[in-house]
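**Q** Mind looking over this structure? Questions follow.
The values are calculated or read from the model by the stated rules, or taken from the named source; none is laboratory data. Note that this is a predicted model, so its numbers are computed, not measured. A quick note on method: Cβ atoms are made from the backbone with ideal geometry, for glycine too, and the neighbour counts reach across all protein chains shown.
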């Protein structure tokens, strides 16, 4: 039975806290390496991660990701160091420049020079975690303070980035790179470029970890699984600001992106459609179908990323979540754990069809 490095990520649209915790517990039982909780405009991810930390034993927990516009570097450092303690060293801090829509429409902050903001934040947070004093810039006469808890210099900082300038920040300053919605066939070349840049910029730093993967859903009805994956993909490209549509267009799929936008005049996370002319985008960004089909479609991703982090579409029923985690689990044919996540969360466990096991 072969083993792979696999992780699980969620979308900001997933706001069912009980389902998130239940999913994390099952991922821990199945041997996943990473569980990433995002933060957008819904749940505050940090107390959710705390709850997950208290219910899991092995899996590493990540903020996937915290926006550099929503918290000061000092607050980010305090939060990260505290979660690192709560998780017993299993915590990873994910930072990203987010989007213009969120920075301005939610945090009421001008989205200006995002790469510079990302670089400045990562630098300051890392310094505070290493035990150094803060570096006030807005009030230079202030007395610099240090983090009032034990330093955590080994706490990994992973950077979410897609643009040329922000990916450079990830390569030069991050311990990991978290790209979202990167075409499967483009990822190996992009990864090689960033790792070369990393070796040149920080030759003595730990190697850059690439954690990426497709939107993933399993169902005994392959058509139903496709519909879920297609709706999530269409939503990201048509409604989540310009960043994902611009990125996919720059990767060579401009016509397909425009076809998706035209087919979804009123995008919905669970009601989007994928026109036939854009099927190539779905094949590049998603893994879907029966459990065997999902396992097969994930194999190229294992060759493209260090940790294949599957992205679960929002609002999926629990049987689909459970089937997807079983299909994509690190072991080729996972054994269903006795301590089921539903029981750990105090809920009844829905049955999964035999072919999901």
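**Q** Going through 271, 238 one at a time, which residue ends up being under 25 Å from residue 114 (Cα atoms), out of contact with any strand residue (DSSP E or B) (no Cβ under 7 Å at 6 or more places or on another chain) and modelled with pLDDT under 95? Steps first, please.
**A** Details: 271 fails: under 25 Å from residue 114 (Cα atoms).
Going through 271, 238 in turn, the sole match is 238.
**Q** Moving on to the next point. Residue 74: surrounded by fewer than 14 Cβ atoms within 10 Å (Cβ to Cβ), over 22 Å from residue 208 (Cα atoms) and over 21 Å from the mean Cα position of the chain (by Cα), yes or no?
**A** Values: surrounded by fewer than 14 Cβ atoms within 10 Å (Cβ to Cβ): no; over 22 Å from residue 208 (Cα atoms): yes; over 21 Å from the mean Cα position of the chain (by Cα): yes.
Taking the combined requirement at face value, the residue does not satisfy it.
**Q** Sticking with this one: Please list, ordered by residue number, the helices (runs of 4 or more DSSP H) wholly in segment 251-340 having 3 or more residues that are over 18 Å from the mean Cα position of the chain (by Cα), on the phi > 0 side of the Ramachandran plot and surrounded by 22 or more Cβ atoms within 10 Å (Cβ to Cβ). Walk me through it before giving the result.
**A** Numbers: elements: 254-263, 279-285, 291-304, 318-328.
The helices (runs of 4 or more DSSP H) meeting that bar number zero.
**Q** OK, next. If you scan segment 82-106, which residues turn out to be crowded, with 22+ Cβ neighbours inside 10 Å, touching a strand residue (DSSP E or B) at 6+ places or on another chain (Cβ under 6 Å) and free of Cβ contacts under 8 Å to residues at least 60 places away in the same chain?
**A** Those that are crowded, with 22+ Cβ neighbours inside 10 Å, touching a strand residue (DSSP E or B) at 6+ places or on another chain (Cβ under 6 Å) and free of Cβ contacts under 8 Å to residues at least 60 places away in the same chain: 83, 98.
**Q** Go through (1) within 25 Å of residue 206 (Cα to Cα); (2) in contact with a helix residue (DSSP H, G or I) (Cβ under 7 Å, 6 or more places away or on another chain); (3) at pLDDT below 95 one by one and return the number of the condition residue 164 breaks.
**A** It fails just one condition, (2).
**Q** Let me ask you something else. Condition (residue is in contact (Cβ under 8 Å) with a residue 60 or more places away in the chain and under 17 Å from the mean Cα position of the chain (by Cα)) applied to segment 51-59: is it met by at least one residue?
**A** From segment 51-59, those in contact (Cβ under 8 Å) with a residue 60 or more places away in the chain are 55; that's our starting set.
Next, only the ones that are under 17 Å from the mean Cα position of the chain (by Cα) stay: none.
No: zero hits.
**Q** Continuing with the same structure: Considering only segment 133-159, state which residues are assigned to a loop (DSSP other than H, G, I, E, B), touching a helix residue (DSSP H, G or I) at 6+ places or on another chain (Cβ under 9 Å) and surrounded by 15 or more Cβ atoms within 10 Å (Cβ to Cβ).
**A** Within segment 133-159, 134, 147, 151, 152, 155 meet the criteria.
**Q** May I pose another question? Would you kindly identify the helices (runs of 4 or more DSSP H) lying entirely within segment 1-115 that contain at least 3 residues that are more than 29 Å from residue 295 (Cβ to Cβ) and modelled with pLDDT under 95?
**A** Values: elements: 17-29, 45-55, 73-86, 100-105.
Per the criteria, 100-105.
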